[in-house]
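What follows is a single structure, written as structure tokens, with notes after it.
The values are calculated or read from the model by the stated rules, or taken from the named source; none is laboratory data. Every value quoted in this text rests on a predicted model; they were computed, and no experiment measured them. Glycine also receives a Cβ, built like all others from the backbone with ideal geometry; neighbour counts cover every protein chain displayed.
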């Protein structure tokens with residue numbers, strides 16, 4: 001099984017950038033819609049996501065899954 005760090009390195013590389021979402025151990029998702037929302041320090045133990053006018057630090061040890069592609073919005077039920 002490849003590591004989260006290796007999967008992230010692969011997710012950062014494509015041109016053009018492909019949006020991705022990190023599923024965290026807390027059950028929360030961190031969606032990276034474009035490369036400008038992402039800050040990656042050299043040690044790659046954590047990343048930062050720019051959202052709502054500030055940075056959100058994400059410890060990579062708490063990442064359970066990386067999903068490539070656009071964030072899916074919940075569908076409304078008719079009725």
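Exactly one of (1) closer than 18 Å to residue 5 by Cα; (2) at pLDDT 90 or above; (3) surrounded by 12 or more Cβ atoms within 10 Å (Cβ to Cβ) is unmet by residue 18. Its number?
Going through (1) closer than 18 Å to residue 5 by Cα; (2) at pLDDT 90 or above; (3) surrounded by 12 or more Cβ atoms within 10 Å (Cβ to Cβ) one by one, residue 18 breaks only (2).
Do you know which residues across segment 46-69 are within 17 Å of residue 10 (Cβ to Cβ) and touching a helix residue (DSSP H, G or I) at 6+ places or on another chain (Cβ under 6 Å)?
60, 63, 66 - these are the residues of segment 46-69 that are within 17 Å of residue 10 (Cβ to Cβ) and touching a helix residue (DSSP H, G or I) at 6+ places or on another chain (Cβ under 6 Å).
All but one of (1) at pLDDT 80 or above; (2) loosely packed, with under 15 Cβ neighbours inside 10 Å; (3) not in a loop (DSSP other than H, G, I, E, B) hold for residue 9, so report the exception by its number.
Result: residue 9 fails condition (1) only.
Which pairs turn up if I take residues in segment 30-53 that are at positive phi and modelled with pLDDT under 85 and look for partners that are exposed (fewer than 15 other Cβ atoms within 10 Å of the Cβ) and in a loop (DSSP other than H, G, I, E, B) with beta carbon separation below 7 Å, at least 6 apart in sequence or on another chain?
Correct list of pairs: empty, since none qualify.
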